[in-house]
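Below is one structure, written out as structure tokens, with a few remarks after it.
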Amino acid sequence: MKETLLLTKHMRENPEDSHSLKSYEKNGGYESVKKVLKSGTPEEVLQEIKDSNIRGRGGAGFPTGVKWGFLAEDEERYLVINGDESEPGTFKDRILLERDPHQLIEGMIITCFAANISKAFIYIRGEYAKPARRVQSAIEEAYEKGYLGKNIFGSSMNLDIVVHLGAGAYICGEETALLNSLEGRRGEPRLKPPFFPAVKGLYNKPTLVNNVETISSVPWIMSNSGKDYSSLGVEGSTGTRIFSLSGHINNPGNYEIEMGSSFGEFVDTLGKGVKNKAIKAYIPGGASAPWLRGDQLDVKMTIDDVANEGSMLGSGAVVMMDEDTNLVLAAKSLVSFFAHESCGQCTPCREGTTWLENILERVASGRGRLSDIDLLLDVCDNISPGLTWPPKMTTICPLGPSATASIVSLMKDFRSEVEVLLPKKVVIG
Amino acid sequence: MSWETERLEKAKQIIEMYPQKRSALGPLLYLAQDKDGYISNESIVEISGLIGITEVQVQSVASFYSMYKQEPTGKFLLSVCKSISCEISNSSDVINSVKNFTGLSNNETDDENFFTYESVECIGACGGAPAIQVNYETVEGLTPDKAVDLCKWLKEEEPEIVVADELQDKFGGVKSFDWAIADNNGATSPVPGFQTYDTSKEKK
Amino acid sequence: MNEKVTFTVDGKQLEGKQGQLLIEACEDSGIHIPRFCWHKRLDPVGMCRMCLVEIDTPRGKALVPSCTTQVSEELIVETESDTVKKAQEGVLEFLLINHPLDCPICDKAGECPLQDQTMAYGPGESRFIEEKRHFEKPIPVSDIVLLDRERCILCARCTRFSDEISGDPLIEFIQRGNKTQVNTFPDEPFKSYFSGNTVQICPVGALTATSYRFKARPWDLKKVSSTCNCCSLGCSVELNVSQNKMLRILGEDNEFTNQGWLSDKGRYNFEYLHSENRLLNIHSRENEDYQTINISDAIEKIKDKIKDLDNPEIKFIVGANSTNEEYFAINKFANSLNRNEFLSKDKSNVYFADDHIHNGYFSEEYTNATFEDLDNSDAIVVWAEDIKDNLPVLFLRIKKAVKNGVKLVVFGHTNTALESLADLYLGAEIVSNNFELKTSLSNIQELKNIIDSKKVTTIIGKSTPLQKKDSLDTLINHLQKVSDLKIFNCFSKANTFGAIQHIDQIKGLNEFCTEYENSNKNIVFTIGANPVNSSFFGSKIKDILEDTDYVISLDIFKNETTELADLILPTTAFGEKEGTITNMEMRVMKQNKILPDPGSTLSEWEYLIMIAQSLGKDINYDSVNELNSELASQFTKTEALPTFDNLNKPSNLFGILNQKEINLNIKDIDQDSPSLLMVKRLYGDSSTQINSPSISMLGSERFIELSEFTLDKYGIESNVATLTQGSSSIFVNIKLNNLLPDNLVLAPINRRGFEKLDSTKDFDLKETKNMKDLSVN
Ligand SMILES: Cc1cc2nc3c(=O)[nH]c(=O)nc-3n(C[C@H](O)[C@H](O)[C@H](O)COP(=O)(O)O)c2cc1C
Ligand code: SF4
Ligand code: FES
């Protein structure tokens, strides 16, 4: 199995200075946007994106062309790049920001051209200081060259980009929470309806919110074609994706591959296998995704195949857990994460995730009760009725239900690991 | 006690960047923390005046985000990751070694105001687990011993600027990905080193 | 928006309005969906998740909050499915795990939605064995409100109210996730004129009021609906009484007036009813001292006095707190004295004790506005005394209208609280310190843009008693000419409109003073009025009353005016009498009696009828009902007469809009430029407030407001100063208000220590540097 380098080609080939404008341009950077601004129309760009069938890389996998098509008419519209990347296991946007910021900027200019937008923001999580610096420097370079600002590339188009740092809140990755955060508010997700960003987004104006990887794909699509892009990968999961591989793996890292091969192949070839051990379980798509078992490594890495197994490809974060892993502690780590990151608006998420964390803590430290398995599952059920995936929700956003995924996985496939920690049933004869 | 002219000038510049004043709230909070080490009530009053919302509204936002510190923070903020990939790569050992060395428990600052220790959720360094951040500069592929070496070095050198590349060379191990490009920029306080907020400096 | 849609709930076909929220549409059809965070008057947030229902979607059934889901054609909803029930049980369990369950000592117990819904929808037992969240027990967030964060269920009602409705967001969520709590900023209390509303809408006992804490159990309360008399807005209220004591006043949701809200003054200004300072006996001055006498002796005395003085001249000064029935009786009584033996026919002898009143705009060429018009107009134009301080709930209505897109124009200098809401604030460049218009209105382009050919509602009244009516006429004439205009005559005190409706021809205190020169100084009745303390003419009136043969005061407290009386008749107060009042829309509403008459008090009308009868007048009313049905018959619209019977009908609980001819005869005060702009603040030294302990201190701060320019002129750098006028000087706090024009200094009128100030006289202002300066007086 080999990588297919579209987004990471330039950075791979120019490791010393792929972040600089000089290097980017030397390797064909900003050609796409020049072409589009010179001879393209917004409609054509939209059509290419639709043809590419690219689906959002932020986790939800929504078709990007369709999303752009929803953007409501208004004099004032915004583009917001979601660089909050905080889903445990995920570090793919980090490399794009850090090592190829101009590719993102070029993607943004084309996107803003297509959507008639003149003000854009890149929201980067606060912990990504270094990636943010690189993006900021790149933006300054672009302004100097006249690639940003007024009449860019000599056209009639104006575009300003502001980099905005988050401040330690995973929930701000959720697009409406992100918009609140960008408005200087608490990062609480908004109600949909009525706050669909494409209609009522930033400052209540129509707003496109797209992931870093999604928009970084735009220059390639425009310098080739939507059709070329859609010929890569498989139907429903076209193009390449950058997967972040971590956990008990010999060669962790970011790998850009076409979707369609199996997790097993991915782990064995690019990941160079797991150190002399078998895999007990793995997370196929970030901390929110239900686990798959070690005997499910032949599942194909496509959005639909993973969904058919009751999980999701999500943010493209693959975490391998070998047979020595204490899955109760693993689940506890995941649940603690969601409890810590709950914004606190919804009763079930605010109260339920912390309760789950407390129960798991008790169980893991040998203070569990016999009834705790039922209790854990029932509390999960009150956050995510039916415990199905994709989840039903009693909450505003999917964060709460995400907290149940690991517990449900644990109880479904690895219940004995919990049971040994609980007191034995005493039969009085 | 209100902000000095220099900081006010910076604040005004930042406010200018946004279509609506309130959007500058996050950056202004960083500006506050950069100088004071935390979000003081005086700064809250100042910011409230600058963007025209009430003090408690500023506080409400500030206290929502974990990177805005509500109590004075040391010169070096040590944030050890405990999320899933680090957790299963024995981050708890790193946590213990840092705690032992500094004598601090979670979210504590030492008497000299030198170290603040915290265990944090995923910092996007999962491929290089376990990982730590010093003033939001990342070090990947840490071992418990290297973590102690790192702390000792900070104690001895007291660097004015913390640079990820330098720390990674000295104390790091396996990385999430090849960092490639050489970088001399870093943080000068327990807030992210980012040039727009003037919290990033280049180490010569 | 008003299109009808049909949808299905639990198998039943229901009708609702397009865009209406499901929870509301269900409520209208008698289906109650449990909720905590949703409140009809607040924007929905869908946070508590108690109102979840199942709806059919293309991807199967989904749980959605009914408080954020709009009804639409063919929507299929289940409110009682197993999934819904399980979810509700789950939410309640979640809410209870961190709730202290201290119901036995909680004010809210017995009327607590959390308690009630737990009974109805909750789990039988708790499976929570972890430690609960802990917070410091009740902390005061203001002078009148306490916060218990352990009881709070984070519904965001208080935070939304203060942000959306009252516009003073001083209480907010702090921290996030499981640590979230509500709080105020240290040193910045929840100082709002409307804080009590948060106590009322808090669905648990997290916010409590100092005045009610531990005083009662809800099931012991006797309740009656009534109408507040703190200002002329006429907020609908519910009076709560236990053991013949008023314990609490709640806002009722009257769609047309207060929409559920009250100002803190309206809500907490009731403790005076049971004050030991209440006048409970008839006092008659014998030589220097007062003696208590009984009612028949009192009536005898009055009768003798009138006989002795032989055809005396009798004048009445009336206040704003009487009911329509009482004004009607006063009018009858005054007229009977007039027409028959004592006075010539054309002379009116009733004077109203509020210097802000003027002739107004009542004739047929003007259209009277209703509060609803505020929402339905394109623009609101305000030129009047401070709305937020004098008609606080009207301020909320204006704010709401502005939030929904209505434009606001404000003429200076008294409504500075409205400036931040205003699209156009016309201050010093347009309005002189003397409250005259400096420019022709047709020259102001921005004004043109907002009002020309638009639907405009104006709230117009004298900003200060010294303002000339001409200036108002200019504005009204202009508005009449260029826009489609409706008018609120802004007379802010309680039942002013009742007084002017039911007294044939009312005059002002200006007229009282001038007419007195040519009269016989025989008998003056003051009825619920304290002009000596609250009028521009206070000192003149004091001299007059001292000079009068016989002064009879009807009142509930001793005050600066009753002190001058020869006979004091104690009267019943709010909650102790039945009657109607008319608000500034000309809406007649019912006030109800729930407390017994204290001591030997009687209603004002009862005294007057007794006196009339003792004089052999043919005025016979046995009950307030009789007065009511007679006065009601004089209204113009015959189909909706404001009789008690009609007003008690469920369909008229919001009051009856009706009109009567109004005939005022009031002249401007002959005085130029005020040097001190004396304005009335919400809190002050009214005898009701100083006798209501919970709020008595709220009006105690002595301050003045002035612009930076004026501050510089007096060379003041600190925030305290000494204001000197003649021989009196007061120590005042300085508040900067840059909306005030140069050289105009604003001071509260109804404030202890400020009564000596004369707005027409010069004053001096000096910075107070050390404590020695403070002792001057
Ligand atoms: C709890 C939560 C966290 C999320 N975090 C991220 C994130 O860190 N980065 C991201 O791009 N999208 C994240 N998303 C998805 C965004 O809401 C949104 O779908 C995405 O930014 C859209 O961009 P795309 O269409 O390009 O994927 C998150 C969603 C949820 C519910
Ligand atoms: S589910 Fe959790 S994170 Fe999402 S809105 Fe509700 S409380 Fe906030
Ligand atoms: S009432 Fe609907 S979520 Fe609270």
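Below is a table of values for the structure above.
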| read-out | value |
| --- | --- |
| Of all residues making up the range B:118-150, the number that are more than 15 Å from the chain's Cα centre (by Cα) and within 24 Å of A:Ile124 (Cβ to Cβ) | 9 |
| Residue in the range A:173-183 that is farthest from the other protein chains (Cβ to nearest Cβ), counting only those that are near ligand 1 (Cβ under 8 Å from one of its atoms) and in a helix (DSSP H, G or I) | A:Glu175 |
| Residues located in the range B:9-25, provided they are of a type outside the set (S, T, N, Q) and either more than 10 Å from every other protein chain (Cβ to nearest Cβ) or part of a helix (DSSP H, G or I) (or both) | B:Glu9, B:Lys10, B:Ala11, B:Lys12, B:Ile14, B:Ile15, B:Glu16, B:Lys21, B:Arg22, B:Ala24, B:Leu25 |
| Residues satisfying the stated conditions in the range C:58-82, i.e. open to solvent by less than 50 Å² (accessible area, probe 1.4 Å), free of Cβ contacts under 8 Å to residues at least 60 places away in the same chain and either within 19 Å of C:Gly122 (Cα to Cα) or of a type in the set (Val, Ile, Thr) (or both) | C:Leu63, C:Val64, C:Pro65, C:Ser66, C:Thr68, C:Thr69, C:Ser81 |
| Per-region count, the range A:346-358, residues buried (at least 24 other Cβ atoms within 10 Å of the Cβ) and either in contact with a strand residue (DSSP E or B) (Cβ under 9 Å, 6 or more places away or on another chain) or more than 8 Å from chain C (Cβ to nearest Cβ) (or both) | 2 |
| Residue among C:Thr562, C:Thr571 that alone is more than 21 Å from the chain's Cα centre (by Cα) and closer than 30 Å to C:Asn646 by Cα | C:Thr571 |
| 2 or more residues more than 14 Å from chain A (Cβ to nearest Cβ) and either on the phi > 0 side of the Ramachandran plot or not acidic (Asp, Glu) (or both): qualifying strands (runs of 3 or more DSSP E) within the range C:119-231 | C:145-147, C:207-209, C:222-227 |
| Unique residue being under 36 Å from the mean Cα position of the chain (by Cα), assigned to a loop (DSSP other than H, G, I, E, B) and more than 7 Å from every other protein chain (Cβ to nearest Cβ) when the list is C:Pro44, C:Pro104 | C:Pro44 |
| Single match in A:Val408, A:Val318 (criterion: away from ligand 3 (no atom under 16 Å from the Cβ), touching a helix residue (DSSP H, G or I) at 6+ places or on another chain (Cβ under 8 Å) and open to solvent by 10 Å² or more (accessible area, probe 1.4 Å)) | A:Val408 |
| Test: A:Thr325 is assigned to a helix (DSSP H, G or I) and either away from ligand 3 (no atom under 16 Å from the Cβ) or within 13 Å of chain C (Cβ to nearest Cβ) (or both) | no |
| A:Lys67 more than 16 Å from ligand 1 (Cβ to nearest atom) and either among the basic types (Lys, Arg) or on the phi < 0 side of the Ramachandran plot (or both) | no |
| Matching entry among C:Glu364, C:Glu341 (being among the charged types (D, E, K, R), under 27 Å from C:Ile666 (Cβ atoms) and at pLDDT below 95) | C:Glu364 |
| Entirely in the range C:430-549, the helices (runs of 4 or more DSSP H) that have 2 or more residues that are surrounded by fewer than 18 Cβ atoms within 10 Å (Cβ to Cβ) | C:445-451, C:469-482, C:509-517, C:538-547 |
| Only one of A:Gly400, A:Gly368, A:Gly344 that is within 23 Å of the chain's Cα centre (by Cα), in a loop (DSSP other than H, G, I, E, B) and modelled with pLDDT of 95 or more | A:Gly344 |
| So A:Val66, is it aliphatic (A, V, I, L, M) and open to solvent by 40 Å² or more (accessible area, probe 1.4 Å) | yes |
| Checklist (1) within 11 Å of another protein chain (Cβ to nearest Cβ); (2) outside any strand (DSSP E or B); (3) surrounded by fewer than 21 Cβ atoms within 10 Å (Cβ to Cβ) applied to A:Asp160, failing item | (2) |
| Residue in the range A:368-381 that is within 16 Å of ligand 2 (Cβ to nearest atom), open to solvent by 10 Å² or more (accessible area, probe 1.4 Å) and within 13 Å of chain C (Cβ to nearest Cβ) present | yes |
| Qualifying residues in the range C:87-101 (those that are more than 7 Å from chain A (Cβ to nearest Cβ) and part of a loop (DSSP other than H, G, I, E, B)) - the one most open to solvent (accessible area, probe 1.4 Å) | C:Leu101 |
| Of the criteria (1) within 16 Å of ligand 3 (Cβ to nearest atom); (2) open to solvent by 30 Å² or more (accessible area, probe 1.4 Å); (3) in a helix (DSSP H, G or I), which one A:Met393 fails | (3) |
| Qualifying residue in the range A:310-333 (condition: hydroxyl-bearing (Ser, Thr, Tyr), modelled with pLDDT of 95 or more, touching a Phe, Trp or Tyr at 6+ places or on another chain (Cβ under 9 Å) and in the same structural domain as A:Ala287 (by TED's automatic domain parsing)) | yes |
| Breaking point among (1) within 14 Å of chain B (Cβ to nearest Cβ); (2) of a type outside the set (S, T, N, Q); (3) under 26 Å from A:Met321 (Cα atoms); (4) surrounded by fewer than 21 Cβ atoms within 10 Å (Cβ to Cβ), for A:Phe243 | (4) |
| Qualifying residue in the range B:26-44 (condition: farther than 29 Å from C:Val182 by Cβ, outside any helix (DSSP H, G or I), within 12 Å of chain A (Cβ to nearest Cβ) and not polar (S, T, N, Q)) | no |
| Condition met for B:Glu137 (farther than 17 Å from A:Lys130 by Cα and assigned by TED's automatic domain parsing to the domain that holds B:Ala164) | no |
| Residue identified as within 12 Å of another protein chain (Cβ to nearest Cβ), open to solvent by less than 10 Å² (accessible area, probe 1.4 Å) and not hydroxyl-bearing (Ser, Thr, Tyr) among B:Leu150, B:Leu167 | B:Leu167 |
| Selection from the range A:185-232 of residues that are aromatic (Phe, Trp, Tyr) and either within 16 Å of ligand 2 (Cβ to nearest atom) or part of a loop (DSSP other than H, G, I, E, B) (or both) | A:Phe195, A:Phe196 |
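Matching residues to (1) crowded, with 17+ Cβ neighbours inside 10 Å; (2) touching a Cys at 6+ places or on another chain (Cβ under 6 Å); (3) closer than 30 Å to A:Leu313 by Cβ; (4) outside the structural domain of A:Lys205 (by TED's automatic domain parsing):
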position: A:Met1; (1), (2), (3), (4): no, no, yes, yes
position: A:Asn14; (1), (2), (3), (4): yes, no, yes, no
position: A:Ser23; (1), (2), (3), (4): yes, no, no, no
position: A:Lys26; (1), (2), (3), (4): no, no, no, no
position: A:Val33; (1), (2), (3), (4): yes, no, yes, no
position: A:Thr41; (1), (2), (3), (4): no, no, no, no
position: A:Glu75; (1), (2), (3), (4): no, no, no, no
position: A:Tyr78; (1), (2), (3), (4): yes, no, yes, no
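The values are calculated or read from the model by the stated rules, or taken from the named source; none is laboratory data. These figures come from a predicted structure and were not determined experimentally. Positions of Cβ are backbone-derived with ideal geometry, glycine not excepted, and every protein chain shown enters the neighbour counts. Just the protein is used for accessible areas: all its heavy atoms, side chains included, with ligands, DNA and RNA removed. Shrake-Rupley method; radii C 1.70, N 1.55, O 1.52, S 1.80 Å.
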